[in-house]
Amino acid sequence: MIALKTIFAQIEYSMSEKDFIPAPYTTLKEEGTVTYSSPSNIALVKYWGKRENQIPANPSISFTLAACVTKTNVHYKKKVQNRDEFSFDLFFEGEAKEEFKPKINTFLKRIVAYLPFLKDYHFVINTSNSFPHSSGIASSASGMSALALCFMEMEKAFLDNITEDDFNRKVSFLSRLGSGSACRSIEGPLVQWGETASINGSSNLFGIKYPYSVHEVFKNFHDTILLVDKGEKQVSSTVGHELMHGHPFATQRFDQAHSNLEKLGKVLADGNLVDFISIVESEALTLHAMMMTSNPYFILMKPNTLSIINEIWRFREESNTHVCFTLDAGANVHVLYPENEKDIVFPFIKEKLVPFCQNGQYICDRIGLGAKKL
Ligand code: DP6
């Protein structure tokens, strides 16, 4: 059994882009509608730096979220002419959004080799987020994965049979081509992406459901997202990734991510929250340290981000709880804590941390199980 598992893992490990080109379709439906809801995710070990074709410079792992989701509905209708171009209308929260179209167009160009039907249809894409749109919460993970799911659901109808594993793997692969972190949004509660020696079956091409045991304490883990700054970021993630090329600490950082992932594996199995905190907080601060030491350098944290971090450290010390923080590429703070401490931690958040949020805004989220077909 173990030997077989290892062989399967090695097969997945060596999969290449070509494996995602589909067999000829049996039928192409004239018209139809498909709807998916797909969540955001929060990385514990951060993806920061990439090579061509959205290949990550280091492995990462994330908690899938439950409340922050994008809902996308795609209506498709076969075209009679103009089969050489993509054709779609895009509505965000009910309004036509011309400014989002170039990003979708780039996505379609990147994935058409793997979904050859894309030029045969006109699409009407209706999408909305469960979180406020100018909240500073990156919607690319949930947004790109929701769209990839809709397209993949179409392909599923055109092929004779496709297993759930193949479906999830290909959606993750396609989502990655839209936005790297999006490949970690399909399943839950923990998804790992990027080849690394400590995880069998890990791949640079797609995320996999974390394949090892996870301690009870991580079930229902909370993530209260404090919206510190809702403004447009001065530096996008895409530019930030780019700045890891030639970064003076890049090699050390990429090595560190492999080793943190290996250490986290032990923590996830034995539920040691003290060690969990030290890995997760160090990853968050290292991410921002990379920004501060790139050329050009930049800072995405705000004074209130630091005030919140200090308050968390002070409270953790005096309450003996296991509340900790992580950050994504922005000023907002994700406050993580286990279910059995919520009655102590949440009142603290409301009283001491929410005053640092812009307009007092925050989102109560928790670990989730992935995308859903609606
Ligand atoms: C800091 O996935 O947004 O959130 O691949 O360019 O779309 P692109 O970048 P993106 O980068 C996310 C970076 C991060 C860390 C993480 O989620 O692992």
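The values are calculated or read from the model by the stated rules, or taken from the named source; none is laboratory data. Being a predicted model, the structure only gives us computed values, none of them experimental. Cβ coordinates were reconstructed from backbone atoms using ideal geometry, including for glycine residues, and neighbour counts include every protein chain displayed. SASA here: full protein model, heavy atoms, side chains in, ligands and nucleic acids out. Shrake-Rupley method; radii C 1.70, N 1.55, O 1.52, S 1.80 Å.
Quick notes
- Among the residues of the range 13-36, just one is of a type in the set (K, R) and within 27 Å of N53 (Cα to Cα), namely K18.
- The set of residues from the range 133-154 being open to solvent by 30 Å² or more (accessible area, probe 1.4 Å) and more than 19 Å from L327 (Cβ to Cβ) comprises just one member, H133.
- Pairing residues of the range 87-104 that are modelled with pLDDT of 95 or more with residues that are loosely packed, with under 10 Cβ neighbours inside 10 Å, at Cβ distances under 9 Å and at least 6 apart in sequence or on separate chains, gives L90/E98.
- Any hit, the range 231-249, residues being away from the ligand (no atom under 15 Å from the Cβ), at pLDDT 95 or above, hydrophobic (A, V, I, L, M, F, W, C) and surrounded by 13 or more Cβ atoms within 10 Å (Cβ to Cβ): yes
- Test set (1) modelled with pLDDT of 95 or more; (2) under 20 Å from the mean Cα position of the chain (by Cα) - S307 fails condition number: (2)
- Restricting attention to the range 316-356, the residues that are closer than 19 Å to I279 by Cα and aromatic (F, W, Y) add up to 2.
- Helices (runs of 4 or more DSSP H) within the range 138-249 that include 1 or more residues closer than 22 Å to M290 by Cα: 140-158, 237-242
- Residue count, the range 74-86 (criterion: in contact (Cβ under 8 Å) with a residue 40 or more places away in the chain and open to solvent by 50 Å² or more (accessible area, probe 1.4 Å)): 3
- Hits in the range 129-148 (condition: among the small types (G, A, S) and more than 13 Å from L226 (Cα to Cα)): S130, S134, A138, S139, S140, A141, S142, G143, S145, A146, A148
- Across the range 205-216, the number of residues qualifying as open to solvent by 30 Å² or more (accessible area, probe 1.4 Å) and out of contact with any Leu (no Cβ under 6 Å at 6 or more places or on another chain) comes to 6.
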